[in-house]
1. When Rg is the radius of gyration of the Cα atoms in the range 100-163 and Rh is its Kirkwood radius, what does Rg/Rh come to?
2. Quick one: which residues, 5 or more positions from V115 or on another chain, have an amide H under 5 Å from its amide H? H modelled 1.01 Å from N in the peptide plane, none for Pro or chain starts.
3. Around F134, which amide H atoms from residues at least 5 apart in sequence, or from another chain, sit under 5 Å from its own amide H, with H modelled in the peptide plane?
4. Would you mind getting the Kirkwood hydrodynamic radius of the range 53-160 from its Cα pairs, rounded to one decimal in Å?
5. List every residue whose amide H lies under 5 Å from the amide H of S147, counting only residues 5 or more places away in sequence or on a different chain, with H placed 1.01 Å from N in the peptide plane.
6. Can you sort L23, L64 from fewest to most other Cβ atoms within 10 Å of each residue's own Cβ?
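Read-outs throughout are calculated quantities, based only on the coordinates presented, and are distinct from any laboratory measurement. Note that this is a predicted model, so its numbers are computed, not measured. Positions of Cβ are generated from backbone atoms using ideal geometry, with glycine treated the same way; all protein chains shown enter the neighbour counts.
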Amino acid sequence: MNYPPRLKTSPRHQKGATLIVALVMLLLISLLAVGGMQGSIMQERMASNAHDEAISFQASEAGLRQGETDLIGTLATRQAAFNRDRIDTPWGWDGADPIASGTGNAGDNVSAQPVYHQARLADVCPIEPGQPCFERFEVTSRGQGGSPDAISVLQSTVLLPPQ
C-alpha cells in the first residue's frame, strides 16, 4: 500500500501564521466595534439635545400663553405693560426683569420655570372714523429645557379690543 506523504506537523515546523492572522482579524473587529460605539454615542447625544430643545420650546410656549392670558384677563396687567419698554434683542434676553406675575409653570422637568415680558406696542385704529382703537401688546417668553443650555425665546402679538 502506498500512503500519502506525511505532513510535517511537529512544533518546530510551525511558523505561527494562524496566530498572526487571528490577531489581525481581532484588531479589525475591535476597530469596527469602537467605531460603531462612537456612532451610537453621537446618536444618543443628538437625540438628547433634540429632546431638551423640545422641552425648552414647550416651556417657553407655556410662559407665552400665560402672558397672553394675563393680558386678556385683567386690566391691571394691561396698565402695568403700558409703560414697559419692548425688549430690543429678545434672543439675548436673560430672563431678568419679568413683570411681577411674569412666570409660567412648565412642570418639573425643566431647569427653570419660564418667564415672560409684556410691553405695549401701539394703538391700531380702524379706517372708519368714530370707531374705537385697539391696543396692541407684545409678549416675549423665555423657557429653559432640562439643562440651562437649552433656551427658547418666543414672541407673540396680542390685539385687545377697547375697554
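1. On the way: Rg = 16.4 Å, Rh = 13.8 Å.
Rounded to two decimals, Rg/Rh equals 1.19.
2. Close amide H contacts, sequence-distant or interchain: G104, R142.
3. V124, C125
4. On the way: mean 1/r = 0.0707 Å⁻¹.
Roughly 14.2 Å, rounded to one decimal.
5. Amide H neighbours of S147: S111.
6. Ordered from fewest to most neighbouring Cβ atoms within 10 Å, L23, L64 come out as L23, L64.
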